Amino acid sequence: MARPKKAEAARPSTTKELQDLLWASADKLRGSMDASQYKDVVLGLVFLKYVSDAFDERRQAIRAELEADPIAYDEDDILATMEDPDEFAGSGVFWVAAPARWSFLADHARGTETQTVGELINAAMIALMGDNKALAGTLPTIFNTESVDQRRLGELIDLLNSAHFAGEGATKARDLLGEVYEYFLGKFAAAEGKRGGEFYTPPSVVRVLVEMMRPEQGRIYDPCCGSGGMFVQAEKFLDAHHKNRTALSVYGQELNERTWRMARMNLAIHGINGNLGASWEDTFANDLHPSLEADFVLANPPFNIKDWARREDDLRWRFGVPPARNANYAWLQHIISKLAPGGQAGVVLANGSMSSNSGGEGLIRAQIVEADLVSCMVALPTQLFRSTGIPVCLWFLHKAKGARAGQVLFIDARELGRMVDRAERVLEPKEIQSIANTYHAWLGLPAAEGTPYADVPGFCYSASIAEVKDADYALTPGRYVGSPEPSEDAEDLDDKIARLTADLLAAMDESQRLDAVVREQLGRLG
């Protein structure tokens, strides 16, 4: 098969073009390996292509800068400067050694006499990690395993030649890649089913957490960070509100090795300097940030896990030892232990966490409520997660509730959202903002709509801790918000009866007409 000519694009690919192209590239490997494997292969190559494009763009910019002064710089000076790593680090561009550059790999997409294309890609990844401290231990080196079809891998490189991540500056290219990467994470999460939920939280759920908490500056932490989506969304919040991206210090931890590597790569793609530890680790068995006091905690822990590293003498169990067969309240108490004096947290948990009394969970919940740490509970609609059918909720914890001390806000959002297909629902931006505005108004913070807080039957209710105690410390919003008020019907009763009667008679007449047509057709058949 003839190899396609390498692209010489002078413009960046659009997001839609890249999404279509790169998902098609993933299809080239589908069937030859499972979803988790081809995810790592495709995302690794996409990252390598982006890094190389950004590197090439910076090299050309160096040449243009030096050629503008031909008296001071001759061709040898220009070539030497174009190969100086310091000229790239200062512009936020990763250094790419010659054997790791995309042009070299594209020229050897069928391998060399002594090395397969997979071995060449592995060597490129190793070189990138060795030359760039931020990438150390991050990139996949799985391209020469038995399960990776080398012919298809070469075809994949050919296809990726038409992707272009540069042309309008490093920031523009990085944001473009970030969008494509997030799109891929969602696609792979859907393809992997239940396991996909281990690294991916639906964007609309993350946006609810971020918009409600408004992390503008300080230390942000995720004890089970998956692919790093919480951090990325927090950075997007800063961008949307024209805040400094460096105002947040990022800390995280992840148990799964491949997911940890994915998170490191995701942060690098978005230009986020985060401390995810030197390696992947179990948060309960080995807390990598023992002295951290976080201003914000965002977390989507695995739901209802039964096998976890439990020690009864753990100092994190301030409100009671969690049951051995469910880690929900272990996650909550670990998160509480990380909060700075004015810190706040948003946590995604299974609905059962709001009312369970098994294994002492009810007593732990009662003490957390009595400590006045629960600020808001949000019941979410079903089918937001492709990876699980378990209904979920959001816990918001706050150590500085101000005028709302001694109260808990309940929001019932179960009727919100729209179905994007038969399996998945998303929350609309205006719905996310409505939830966030309600919480901000309740706290007395400036809300987008500027309206003061008021209970809305069927949607939100501010309860005292005494009321929560009377409900046996159950935190299910439906117990508090009540039913929505019936909508007023402005139509006169006599007019409505006349209209409905006319509609019914018209339907009966149409039924008789259709009945006659059917009988006529049946008669012809006889």
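Among the residues of region 252-299, write down those that are buried (at least 22 other Cβ atoms within 10 Å of the Cβ) and of a type in the set (Phe, Trp, Tyr). Once the filter is applied, which keeps residues that are buried (at least 22 other Cβ atoms within 10 Å of the Cβ) and of a type in the set (Phe, Trp, Tyr), region 252-299 yields TRP260, PHE296.
Please list, ordered by first then second residue, the pairs with beta carbon atoms under 9 Å, 6 or more apart or interchain, first in region 481-508 and farther than 30 Å from CYS376 by Cα, second surrounded by 10 or more Cβ atoms within 10 Å (Cβ to Cβ) and modelled with pLDDT of 70 or more. The qualifying pairs are ASP489/LYS496; GLU491/ARG499.
Among the conditions (1) within 26 Å of the chain's Cα centre (by Cα); (2) of a type in the set (A, V, I, L, M, F, W, C); (3) surrounded by fewer than 18 Cβ atoms within 10 Å (Cβ to Cβ); (4) closer than 25 Å to GLN333 by Cα, the only one that ALA466 does not satisfy is (1).
Is it the case that GLU119 is among the acidic types (Asp, Glu), at pLDDT 95 or above and under 16 Å from VAL41 (Cβ atoms)? It is true that GLU119 is among the acidic types (Asp, Glu), at pLDDT 95 or above and under 16 Å from VAL41 (Cβ atoms). Evaluation of ALA10 against the conditions (1) modelled with pLDDT under 85; (2) surrounded by 18 or more Cβ atoms within 10 Å (Cβ to Cβ); (3) farther than 19 Å from ARG152 by Cβ shows that the sole unmet condition is (2). Restricted to region 308-340, and to residues there that are aromatic (Phe, Trp, Tyr) and farther than 14 Å from LEU363 by Cα, the residue that is nearest to the chain's Cα centre (by Cα) is TRP331.
Can you tell which of GLY130, GLY111 is in the same structural domain as VAL46 (by TED's automatic domain parsing) and touching a residue at least 40 places away in the same chain (Cβ under 8 Å)? The match here is GLY111. Per the listing LEU288, LEU255, LEU267, the residue uniquely at negative phi, without any contact (Cβ under 8 Å) to a residue 40 or more places away in the chain, outside any helix (DSSP H, G or I) and under 19 Å from the mean Cα position of the chain (by Cα) is LEU255.
PRO140 passes every criterion in (1) of a type outside the set (S, T, N, Q); (2) out of contact with any Gly (no Cβ under 6 Å at 6 or more places or on another chain); (3) surrounded by 13 or more Cβ atoms within 10 Å (Cβ to Cβ) apart from (2).
If you go through region 428-450 and keep only what is in contact (Cβ under 8 Å) with a residue 40 or more places away in the chain and within 22 Å of SER483 (Cβ to Cβ), you end up with ILE435, TYR439, TRP442. Among residues that are without any contact (Cβ under 8 Å) to a residue 40 or more places away in the chain, farther than 25 Å from VAL93 by Cα and not polar (S, T, N, Q), GLU235 is not included. For region 386-420, filtering for residues that are over 14 Å from CYS376 (Cα atoms), in contact (Cβ under 8 Å) with a residue 40 or more places away in the chain, basic (Lys, Arg) and out of contact with any Pro (no Cβ under 9 Å at 6 or more places or on another chain) leaves 0. Find the residue count for region 302-339, including only residues that are more than 20 Å from ASN357 (Cα to Cα) and crowded, with 21+ Cβ neighbours inside 10 Å. Residues meeting the conditions: 3.
Being at pLDDT 90 or above, more than 27 Å from the chain's Cα centre (by Cα) and surrounded by 16 or more Cβ atoms within 10 Å (Cβ to Cβ) is a condition met by no residue of region 377-400. Listed by first and then second residue, the pairs with beta-carbon distance under 8 Å, at least 6 apart or on different chains, first residue in region 55-82 and buried (at least 16 other Cβ atoms within 10 Å of the Cβ), second of a type in the set (Ser, Thr, Tyr) and part of a helix (DSSP H, G or I), are ASP56/SER103; ILE62/THR81; LEU66/THR81; TYR73/THR81.
The values are calculated or read from the model by the stated rules, or taken from the named source; none is laboratory data. Source: prediction; values computed, not measured. Here the Cβ is made from the backbone with ideal geometry for all residues, glycine too, and neighbour counts use every protein chain on show.
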